[in-house]
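Since every read-out is calculated from the coordinates, none of them should be taken as a lab result. What you see is a predicted model; the values in this text were computed from it and never measured. Methodologically, a virtual Cβ is constructed for each residue, glycine included, from the backbone with ideal geometry; neighbour enumeration extends over all protein chains shown.
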Amino acid sequence: MPSRAFICGLAGTELSTEEGAFLRDAHPWGVILFKRNADNPEQVKRLCHHVREALQRENAPILIDQEGGRVQRIGPPHFRAYPSGSVYGRIYQKNPLAGVEAAYLGAKLIALDLHAFGISVDCLPVLDIATEGGTNAIHDRALGNSVDAVATLGDPKLDGILAGGLLSVTKHMPGHGRATVDSHNERPQVDATMGELEAQDFTPFRLLAKRAPLGMTAHVLYLDVDDSAPATHSRRVIDNIIRQRIGFDGALMTDDISMGALSGDVRSRAVRAIHAGCDLALHCNGDLMDMIEVASGVPELSGDALRRTEAALAYQRQPAEVDRQAMEARFDFLLTQQVAA
């Protein structure tokens, strides 16, 4: 049976009987994990197995936000702590080659960690450009404050995730860096002109668009593009900017539709996102009643959405054998030798 056009969360560390029945009946395209779902490596492996068993798809996508820094859902003692995006930017400022290498190694090590757990998609790289006055929701997650730094470092980040056996998700399209409020709580408005947005915010996404399997929208209102709806709910932004000007033809998912930047009930939020041109609605909080509402509003994947999601899955490959100890030693050397005090 075809998957439905949404991704959902789970409540805890084990798949409940009710959640298993929901996954079997609703057929979401994938499931996303958070800290509440991860206790130890064997438990995460078991949870991933049970999710795929319920979905009856061995390659069912299981996602996570594992950036490093503030956004690292699984950390010590089971995973090493990875740096935030801004650390790679500081390395790049001192030594561009070292910055690129560190970005690649950091992303690949994260991917190898997740792959061993059974997770198959990491919501990385962040291609938002840090902007003075921008919200702390992005801030140190960004790879830098220039097109050059973010695009140059985003490229090896994407490569590292893919080389580590995972799919990558570029976010937050078409650029969240100018937002001055946190979209988790309220709707950001950006008043930059189209020319300013094209010259800066859109550019990293455009430069990586042809190689990115998956992308995530920003719940941001771009007044010069569409002053009536945030990107996630805007046909103008998705068609004219993300698909045409940026040139992204990968599978496009929303940011979490439970966030405060969007209005309406969760079903209407999902419906509006799909109608606007998103391929997948992402719902993260693990509330089963909300998930049922989302599932009731979204269609089965078909047409371009089905083509794009299938093409995204085709990016995935088994990682090659690596000398993990040597990789970590090199990565640690780059961090300790290059990061300015």
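Quick notes on this structure:
- For the pair the stretch 47-63 / the stretch 236-252, the C-alpha centres are spaced 29 Å from each other.
- Taking GluC sites (Glu not before Pro) across the stretch 56-102, the ones in a DSSP loop with at most 10 further Cβ atoms lying within 10 angstrom of their Cβ are E58.
- The chain - mean residue ellipticity at 222 nm from DSSP helices (-39,500 (n - 2.57) per run, n ≥ 4, rounded to 500): -12000 deg cm²/dmol
- Calculated on alpha-carbon atoms, Rg and Dmax of the stretch 146-200 in Å: 14.0, 39
- Under 18 Å of direct C-alpha separation, and excluding same-chain neighbours fewer than eight residues apart, K45 reaches these lysines: K35.
- For K108, a cut-off of 16 angstrom between C-alpha atoms picks up these aspartates and glutamates, skipping any fewer than 8 places away in its own chain: D65, E67, D122, D155, D159, E321, D323, E328, D332.
- Ranked list, fewest to most other Cβ atoms within 10 Å of each Cβ, for T336, T217: T336, T217
- Each 20 Å bin, from zero up to the one with the longest distance, holds this percent of the alpha carbon pairs of the chain: 34, 60, 7.
- Percent of beta bridges antiparallel (DSSP, the chain, rounded to nearest 5): 10
- Between the residues F117, I138, S84, the greatest Cα displacement towards the positive end of the dipole of the stretch 74-148, with unit charges on the Cβ of Lys, Arg, Asp and Glu, is found for F117.
- Selection of GluC sites (Glu not before Pro), the stretch 238-324, meeting DSSP coil and at most 11 other Cβ within 10 Å: E321
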